[in-house]
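In what follows, a structure is listed as structure tokens, so that the remarks can point back to it.
The values are calculated or read from the model by the stated rules, or taken from the named source; none is laboratory data. These numbers were taken from a predicted model, which means no experiment stands behind them. As a convention, Cβ positions derive from the backbone with ideal geometry for all residues, glycine included, and neighbour counts pool all protein chains shown.
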Amino acid sequence: MMSAMQIGAYGAMAASRRFDQQAQQTVQDTAPEAKGDLVSDFVGQIDARTAFEASISVIKTADEMVGQLLNIKA
């Protein structure tokens, strides 16, 4: 079973990869001959950033929970 910190870390890495892919797509779509959709590219970047922030929140919450548990045991 995966811990909350592992899940958060996996989500953050996946979101980071998605953001990088969207950023590369944005660069390609800015070329004069490109017919890409910059709005969709930016929406994808925002979506990836939001997913990254949510994953970081999972990690922070898991860390706080572990800290509280250690305080109870001490």
(request) Starting from segment 13-27, take each residue that is in contact (Cβ under 8 Å) with a residue 24 or more places away in the chain and list its partners that are of a type in the set (Lys, Arg) and assigned to a helix (DSSP H, G or I), counting only C-beta distances under 7 angstrom and pairs at least six apart or across chains. (result) PHE19/ARG49
(request) Say whether the condition of being surrounded by 14 or more Cβ atoms within 10 Å (Cβ to Cβ) and closer than 30 Å to GLU64 by Cα is met by at least one residue in segment 34-45. (result) yes
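Can you tell me which residue among ALA14, ALA4 is at pLDDT below 95, of a type in the set (A, V, I, L, M, F, W, C) and closer than 15 Å to ILE56 by Cα? Show your work before the answer.
Values: ALA14 fails: at pLDDT below 95.
Sole residue among the options that is at pLDDT below 95, of a type in the set (A, V, I, L, M, F, W, C) and closer than 15 Å to ILE56 by Cα: ALA4.
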